1. Among (1) under 24 Å from D129 (Cβ atoms); (2) open to solvent by less than 60 Å² (accessible area, probe 1.4 Å), there is one condition E71 misses while meeting the rest; what is its number?
2. For the range 22-48, name all the residues that are modelled with pLDDT under 85 and polar (S, T, N, Q).
3. Just need a number here: residues in the range 28-43 that are open to solvent by less than 70 Å² (accessible area, probe 1.4 Å) and within 12 Å of E95 (Cα to Cα).
4. Within the range 77-129, take every residue that is charged (D, E, K, R) and assigned to a loop (DSSP other than H, G, I, E, B) and give me the one that is surrounded by the fewest Cβ atoms within 10 Å (Cβ to Cβ).
5. Between a residue in the range 105-124 that is of a type in the set (S, T, N, Q) and any residue that is open to solvent by less than 70 Å² (accessible area, probe 1.4 Å) and assigned to a strand (DSSP E or B), which pairs come within a Cβ distance under 6 Å, given they are 6 or more apart or on different chains?
6. Could you check, for the range 14-22, whether at least one of its residues is in contact (Cβ under 8 Å) with a residue 24 or more places away in the chain, in a helix (DSSP H, G or I), within 21 Å of E95 (Cα to Cα) and open to solvent by less than 40 Å² (accessible area, probe 1.4 Å)?
Amino acid sequence: VEAYERKRSRAHPVQWEIASAKPIEQLVTVEGSTWLDRELVRGSQGSWSRAGFGEEARAALDRRRLWLLQEGFAFAEGERTAYPPRMLDDLQQRELASAAARLSAELRLSYSETKRGERVEGVFKRKVDLASGQFAVIEKSREFTLVPWRPVLETQLGKKVSGIMRGDEISWSFGRQRGGPSV
């Protein structure tokens, strides 16, 4: 049995990911898009355990659903709760605006939102953990922007980076780029 389990664990290693840098209790009333919201929209919590963390997560989901109803992000339809299609985006935008205001005061720079298709250029200053996910602070001389964090940025701290915003992700390029004619 031991040899079988060892062989099985090599063929199918355990994989995990961090759903949030914040404790689950803090996610109930946070003004951002959380993994709890994604689970509520998906409706997949039926298979969760009724003990341990599964029970704790179910309780947090119930409190989060009530908060979303109270704040007007979700709507009651009989015994069902309806989640508008833009709810997750709206929650994330609210949290980003709040984080940008705090960072703007701290950095003494204005915030510039990055839209799809726009080029992002500047110095990667740090990573920021929000309920909506992790974001990179990219600083220019008079402004900064918040863009989705990717592990490839880890080694670029304090360096000039550039990329193009593509939906919820960025195609990054690092170091000196060759100029010249282009089509």
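1. Against the list (1) under 24 Å from D129 (Cβ atoms); (2) open to solvent by less than 60 Å² (accessible area, probe 1.4 Å), E71 comes up short only on (2).
2. S44, Q45, S47
3. Of the range 28-43, the ones open to solvent by less than 70 Å² (accessible area, probe 1.4 Å) are 28, 30, 32-37, 39-40, 43.
Next cut, within 12 Å of E95 (Cα to Cα) only: 30, 32-34.
Number satisfying all stated conditions: 4.
4. At the first step, the residues of the range 77-129 found to be charged (D, E, K, R) are 77, 79-80, 86, 89-90, 94-95, 102, 106, 108, 113, 115-116, 118-119, 121, 125-127, 129.
Checking the rest, the ones that are also assigned to a loop (DSSP other than H, G, I, E, B) come to 79, 86, 108, 113, 115-116, 118.
Details: E79: 5, R86: 10, R108: 8, E113: 12, K115: 7, R116: 9, E118: 16.
For the range 77-129, the residue satisfying everything is E79.
5. These pairs meet every condition: S110/E143; S112/E143; S112/T145; T114/V120; T114/T145; T114/V147; T114/M165.
6. No - not one qualifying residue is present in the range 14-22.
Residue-wise test of (1) more than 15 Å from the chain's Cα centre (by Cα); (2) among the basic types (K, R); (3) within 28 Å of S112 (Cβ to Cβ).
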position	(1), (2), (3)
R6	yes, yes, no
P13	yes, no, no
E31	no, no, yes
L36	no, no, no
R58	yes, yes, no
L66	yes, no, no
E71	yes, no, yes
E79	yes, no, no
L96	no, no, yes
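For (1) touching an Asp or Glu at 6+ places or on another chain (Cβ under 7 Å); (2) under 18 Å from D168 (Cβ atoms); (3) charged (D, E, K, R), each residue gets a yes or a no:
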| site | (1), (2), (3) |
| --- | --- |
| Y4 | no, no, no |
| E55 | no, no, yes |
| R58 | no, no, yes |
| Q70 | no, no, no |
| R80 | no, no, yes |
| L88 | yes, yes, no |
| Q93 | no, yes, no |
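The values are calculated or read from the model by the stated rules, or taken from the named source; none is laboratory data. Predicted model only: the values in this text are computed from it and were never measured. Note: ideal-geometry Cβ built from the backbone for every residue, glycine included; neighbour counts use all protein chains shown. The area values use the complete protein model at the heavy-atom level, side chains included, leaving out ligands, DNA and RNA. Shrake-Rupley method; radii C 1.70, N 1.55, O 1.52, S 1.80 Å.
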